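Contents: one structure, followed by commentary.
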Amino acid sequence: MGSKDFQLFWTESIYIEPNLEFKKIWREWKVYKDHFQFRQIVGKGSIEKSKEWVLLTTKELNVKECRWEQTNIQITKQFTNRIPCEVFAVDSTKNYQHKLLYYYDGKSLYPLQYESGYTEANFGIAWESDIPYEKSRLFEIAIRKYGKKEFQPHVYHHVKLD
C-alpha cells in the first residue's frame, strides 16, 4: 500500500448469456517502476439454476499473459478498459472442469467459496453457514458480511451494460 514502485489493479466480471451460458473475465495489471505485467483469464461454461442456487460450470479456460517494458505508467480507467499487449508470451485455451455454487438473491451472485481468477480460497459463506442449502441465521449473517466487503469483494452485483 502506498508504494511508489508498484501498483496492483484487477477486475472480475461474469456475463450471463441468454442460452444459459456464461463468460467470466478476470484481468490483472501489475505495474512496476519500469514495466507492467498483464494477465487475463476467460472462462466459459454453462449455468444450472434451482430456486436461488446457481451452479456455474466452467468448461473452457483461456489464459493470456504479457509483459511490457515502459516507465512511469499510471493505471487509469482508460488503461484498464483495454488489453495493453498485442503479443502475448502465454496464450492458451484448454478444456477445463470447474464448478462453483452461488446464491442468487434476485440482484447479486454470492459465491459460497471465495474464488478469484479460478484460484479458490479456504473461506467464504459456506465456511460460516451451519446448514447446507438453507437460509439459516448464520447464512444470512455471512451474506451480509461478504456482500459488503471492499477488499477482496465476494459478490457480483448486477450491472446493466449499454
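Odds and ends about this structure:
- Shown in residue order for segment 90-98 are the 3J(HN,Hα) couplings computed by the Karplus curve 6.51 cos²θ - 1.76 cosθ + 1.60 at θ = phi - 60°: 10, 8, 10, 10, 9, 5, 8, 10, 8 Hz (x for Gly and Pro).
- Surface composition of the chain: carbon plus sulfur atoms contribute 50% of the solvent-accessible area (1.4 Å probe, protein chains only, all chains present).
- Net charge of neighbours whose Cβ lies under 11 Å from the Cβ of residue 90, counting Lys and Arg as +1 and Asp and Glu as -1: +1
- Compared with the dominant Cα axis of the chain, that is its longest principal axis, helix 137-147 is turned about 20°.
- Among 121-133, 3-15, the peptide with the highest mean count of other Cβ atoms within 10 Å heads the list, and the full ranking is 121-133, 3-15.
- A 1.4 Å probe run over the chain, with the rest of the protein chains in place, finds 66 Å² accessible per residue.
- Candidates 42, 31, 87, ranked by Gaussian network fluctuation over the chain, Cα under 10 Å, top entry: 87
- Mean projected area in nm² (Cα convex hull; one quarter of hull surface) for the chain: 11.1
The values are calculated or read from the model by the stated rules, or taken from the named source; none is laboratory data. Predicted model only: the values in this text are computed from it and were never measured. No Cβ is skipped: glycine too gets one built from the backbone with ideal geometry, and neighbour counts run over all protein chains shown. For the accessible areas, the whole protein counts, side chains as well, though only heavy atoms, and no ligand, DNA or RNA atoms are used. Shrake-Rupley method; radii C 1.70, N 1.55, O 1.52, S 1.80 Å.
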